[in-house]
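Working notes, structure below.
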Amino acid sequence: MKFLSIYKSIERNAPPSQEEMANMGKLIEEGMKAGWLLGTEGCLPSALGARVRKADGRVTVTDGPFTEAKEVVGGFAILRANSKQEAIQLAKDFLQVVGDGECELRQIYEADTCVQKAQTV
(Lines give C-alpha, C1' and ligand atoms only; values in the text may rest on other atoms or scores of the structure.)
Protein backbone atom coordinates (compact mmCIF):
# COMPACT_ATOMS: atom_id res chain seq x y z
CA MET A 1 0.00 0.00 0.00
CA LYS A 2 1.11 3.57 -0.67
CA PHE A 3 0.21 6.57 1.47
CA LEU A 4 0.60 10.30 0.96
CA SER A 5 1.72 11.88 4.22
CA ILE A 6 0.97 15.59 4.28
CA TYR A 7 2.87 17.34 7.06
CA LYS A 8 1.06 20.34 8.55
CA SER A 9 2.32 22.67 11.27
CA ILE A 10 2.24 26.25 12.37
CA GLU A 11 3.97 28.32 9.72
CA ARG A 12 7.65 29.03 10.33
CA ASN A 13 9.29 32.30 9.32
CA ALA A 14 12.83 30.88 9.36
CA PRO A 15 14.48 27.96 7.57
CA PRO A 16 15.25 24.75 9.47
CA SER A 17 18.41 24.73 11.57
CA GLN A 18 21.50 22.75 10.50
CA GLU A 19 20.64 20.14 13.15
CA GLU A 20 17.06 19.83 11.89
CA MET A 21 18.35 19.50 8.32
CA ALA A 22 20.84 16.79 9.37
CA ASN A 23 18.17 14.84 11.28
CA MET A 24 15.76 15.05 8.34
CA GLY A 25 18.51 14.07 5.90
CA LYS A 26 19.28 10.98 7.97
CA LEU A 27 15.60 9.98 8.10
CA ILE A 28 15.22 10.49 4.33
CA GLU A 29 18.33 8.42 3.59
CA GLU A 30 17.16 5.61 5.88
CA GLY A 31 13.65 5.64 4.39
CA MET A 32 14.89 5.53 0.79
CA LYS A 33 17.30 2.67 1.53
CA ALA A 34 14.63 0.72 3.47
CA GLY A 35 12.04 1.25 0.70
CA TRP A 36 9.28 2.87 2.76
CA LEU A 37 9.91 6.37 1.32
CA LEU A 38 8.72 6.69 -2.35
CA GLY A 39 7.30 9.32 -4.85
CA THR A 40 4.15 11.26 -5.94
CA GLU A 41 0.71 9.85 -6.87
CA GLY A 42 -3.03 10.76 -6.68
CA CYS A 43 -4.97 10.22 -3.44
CA LEU A 44 -8.03 8.28 -2.33
CA PRO A 45 -10.74 10.26 -0.43
CA SER A 46 -9.77 11.55 3.02
CA ALA A 47 -12.38 9.23 4.57
CA LEU A 48 -9.79 6.45 4.13
CA GLY A 49 -7.03 8.43 5.85
CA ALA A 50 -5.92 9.45 9.31
CA ARG A 51 -4.38 12.47 11.01
CA VAL A 52 -1.62 11.88 13.51
CA ARG A 53 -1.02 14.87 15.80
CA LYS A 54 1.67 15.46 18.41
CA ALA A 55 1.13 18.33 20.84
CA ASP A 56 2.67 18.78 24.27
CA GLY A 57 4.24 15.32 24.05
CA ARG A 58 0.92 13.56 23.38
CA VAL A 59 0.12 11.78 20.10
CA THR A 60 -3.48 11.45 18.88
CA VAL A 61 -4.88 9.72 15.78
CA THR A 62 -8.07 10.93 14.08
CA ASP A 63 -9.63 9.00 11.21
CA GLY A 64 -10.96 10.96 8.18
CA PRO A 65 -12.87 12.53 6.56
CA PHE A 66 -11.50 16.02 7.19
CA THR A 67 -13.62 19.10 6.52
CA GLU A 68 -11.26 21.94 7.50
CA ALA A 69 -7.57 22.70 7.38
CA LYS A 70 -6.22 25.54 9.53
CA GLU A 71 -2.50 24.72 9.48
CA VAL A 72 0.10 25.20 6.76
CA VAL A 73 1.39 22.25 4.75
CA GLY A 74 5.10 22.08 5.47
CA GLY A 75 5.94 19.13 3.22
CA PHE A 76 4.87 15.68 2.09
CA ALA A 77 6.14 12.14 1.67
CA ILE A 78 4.92 9.09 -0.23
CA LEU A 79 5.11 6.09 2.09
CA ARG A 80 4.96 2.36 1.36
CA ALA A 81 3.27 0.46 4.19
CA ASN A 82 1.59 -2.92 4.62
CA SER A 83 -1.39 -1.35 6.39
CA LYS A 84 -2.93 1.91 7.52
CA GLN A 85 -1.65 1.18 11.04
CA GLU A 86 1.92 0.83 9.76
CA ALA A 87 1.61 4.18 7.92
CA ILE A 88 0.37 5.77 11.18
CA GLN A 89 3.48 4.44 12.94
CA LEU A 90 5.74 5.89 10.23
CA ALA A 91 4.01 9.26 10.71
CA LYS A 92 4.51 9.04 14.49
CA ASP A 93 8.21 8.28 13.91
CA PHE A 94 8.46 11.30 11.58
CA LEU A 95 6.85 13.57 14.19
CA GLN A 96 9.47 12.44 16.71
CA VAL A 97 12.08 13.96 14.37
CA VAL A 98 10.29 17.20 13.39
CA GLY A 99 8.40 17.97 16.63
CA ASP A 100 4.89 19.36 17.02
CA GLY A 101 2.66 19.15 13.99
CA GLU A 102 0.34 16.77 12.21
CA CYS A 103 0.55 14.28 9.37
CA GLU A 104 -2.57 13.64 7.31
CA LEU A 105 -2.34 10.18 5.74
CA ARG A 106 -4.21 9.46 2.48
CA GLN A 107 -4.13 6.10 0.73
CA ILE A 108 -3.05 6.42 -2.92
CA TYR A 109 -4.88 4.92 -5.89
CA GLU A 110 -3.12 1.85 -7.22
CA ALA A 111 -4.41 -0.43 -10.00
CA ASP A 112 -4.62 -3.49 -7.72
CA THR A 113 -6.43 -1.47 -5.01
CA CYS A 114 -9.11 -0.42 -7.52
CA VAL A 115 -9.50 -4.03 -8.77
CA GLN A 116 -9.82 -5.36 -5.19
CA LYS A 117 -12.48 -2.75 -4.33
CA ALA A 118 -14.42 -3.54 -7.55
CA GLN A 119 -14.35 -7.27 -6.77
CA THR A 120 -15.83 -6.74 -3.28
CA VAL A 121 -18.80 -4.67 -4.57
Per-residue SASA entry for I28, accessible area with 1.4 Å probe, Å² rounded to 10: 80 Å²
Length added when fully stretched, I78-A111, from 0.36 nm per residue minus Cα-Cα: 10.2 nm
Computed lengthening from D56 to E30, 0.36 nm per intervening residue step minus Cα-Cα distance: 6.7 nm
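The values are calculated or read from the model by the stated rules, or taken from the named source; none is laboratory data. What you are looking at is a predicted structure, and each value in this text was computed from that prediction instead of being measured. Remember, those area values only see protein heavy atoms, side chains included, never the ligands or the DNA or RNA. Shrake-Rupley method; radii C 1.70, N 1.55, O 1.52, S 1.80 Å.
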